[in-house]
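Asker: Mind looking over this structure? Questions follow.
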Amino acid sequence: MFGLLLSVFSLDGRPRYIHTGWFLISVANLVVVLVMLALFALAIALPFPHGGKDE
Amino acid sequence: MIPPDRTPTWTGRVRGVAEAALPPERLLPDTQPAYVASWIYVFGVLTLAALFVVLVSGAVIALAGPAWWHGSTVGHFFNSVHLWGTELFFAFMVVHLWGKFFMAAWRGRRAMTWITGAVAFLVSIATAFTGYLTQQNFDSQWIGTQAKDGLNASGVGAFFNVLNYGQMLLWHVVLLPFVVCLLIGGHVLLVRRRGVVPPLPIGDEKP
């Protein structure tokens, strides 16, 4: 399992890129951007514990 | 105590202005409006927490010098804490920025709050950039040589030379962190003064 994760997220080898026309991004950076977008969506969608009381 | 409007000293007048702008119950409130109970409002303080980790780990690295991490496992650990603290600082700050942008957080006389936050973001990028230049490895040499032409073409090369290691180190550990902390401190005080921005109104309500 650890070896699989390492092969996906290894930072020691040559970086992999997605390149289409003018668009160029490393897979590592793309993963970070997607995680941040997911975090943003979750922060809006998930209920906050003990929330809702007007103080 | 002499009332601030009657005091002959500048310190008394400053105290009067500060107390009028930020009374203690506003500076350190113990309650917040109900709309603050949302995860999207958490990212500002997460950014501050990450900044604290970055400053402390940076101070530890400064004790032994920037090359420490190349030959020491402890130094490598603190260098990694400094790097990942910075990564989290930027990730939290950008999510905070997205949340405030789509909330139009400059509403209600909060323009300066928005501006100080945006400028703090830009100065933070410059601070991180000088950090990459002071790694003392091939990566920092590559970044420096790639950046010099663009920066020199813009005219800043006269006083900001990316190939001057000593200059970049001092910008990274003294000048830019000072400006970042000043801007973020002002930003937090403005949030206290104007209050946390409410969500956008629904339908015909006016903001």
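Asker: Out of the helices (runs of 4 or more DSSP H) lying entirely within the stretch B:97-207, which hold 1 or more residues that are of a type in the set (D, E) and either at pLDDT 95 or above or more than 23 Å from the chain's Cα centre (by Cα) (or both)?
Answerer: B:138-154
Asker: For the stretch B:22-57, name all the residues that are among the charged types (D, E, K, R) and touching a Lys or Arg at 6+ places or on another chain (Cβ under 8 Å).
Answerer: Once the filter is applied, which keeps residues that are among the charged types (D, E, K, R) and touching a Lys or Arg at 6+ places or on another chain (Cβ under 8 Å), the stretch B:22-57 yields only B:R26.
Asker: Moving to a separate point now. I'd like to check something: does the stretch B:160-167 contain any residue that is of a type in the set (V, I, T) and free of Cβ contacts under 8 Å to residues at least 24 places away in the same chain?
Answerer: no
Asker: For residues in the stretch B:48-67 being aliphatic (A, V, I, L, M) and over 22 Å from the mean Cα position of the chain (by Cα), which is nearest to the other protein chains (Cβ to nearest Cβ)?
Answerer: Only one residue tops the list, namely B:A67.
Asker: Go over the candidates B:A118, B:A104, B:A158 one by one and state the one that is out of contact with any strand residue (DSSP E or B) (no Cβ under 9 Å at 6 or more places or on another chain), under 30 Å from B:P23 (Cα atoms) and surrounded by fewer than 15 Cβ atoms within 10 Å (Cβ to Cβ).
Answerer: B:A104
Residue-wise test of (1) closer than 30 Å to B:A64 by Cβ; (2) loosely packed, with under 14 Cβ neighbours inside 10 Å.
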site	(1), (2)
B:A126	yes, no
B:T130	yes, no
B:F138	yes, yes
B:I143	yes, no
B:Q167	yes, no
B:L175	yes, no
B:V179	yes, no
B:R193	no, no
B:P201	no, yes
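Asker: If you don't mind, another one. Quick check on B:V94: is it modelled with pLDDT of 95 or more and touching a Leu at 6+ places or on another chain (Cβ under 7 Å)?
Answerer: In short, no.
Asker: Now a separate question. Condition (residue is at pLDDT 90 or above and under 14 Å from the mean Cα position of the chain (by Cα)) applied to the stretch B:77-85: is it met by at least one residue?
Answerer: The answer is yes, given that some residue of the stretch B:77-85 is at pLDDT 90 or above and under 14 Å from the mean Cα position of the chain (by Cα).
Asker: Need pairs with beta-carbon distance below 8 Å; first residue more than 9 Å from chain A (Cβ to nearest Cβ) and of a type outside the set (A, V, I, L, M) and within the stretch B:34-47, second surrounded by fewer than 17 Cβ atoms within 10 Å (Cβ to Cβ) and assigned to a helix (DSSP H, G or I); sequence gap 6+ or separate chains.
Answerer: none
Asker: Can you confirm whether the stretch B:133-156 contains a residue that is touching a residue at least 12 places away in the same chain (Cβ under 8 Å) and on the phi > 0 side of the Ramachandran plot?
Answerer: yes
Asker: For the stretch B:76-87, indicate whether the set of residues that are surrounded by fewer than 13 Cβ atoms within 10 Å (Cβ to Cβ) and away from chain A (no Cβ under 14 Å) is non-empty.
Answerer: no
The values are calculated or read from the model by the stated rules, or taken from the named source; none is laboratory data. None of these values were measured; they are calculated from a predicted model. Neighbour counts run over all protein chains shown; Cβ positions are idealised from the backbone, glycine included.
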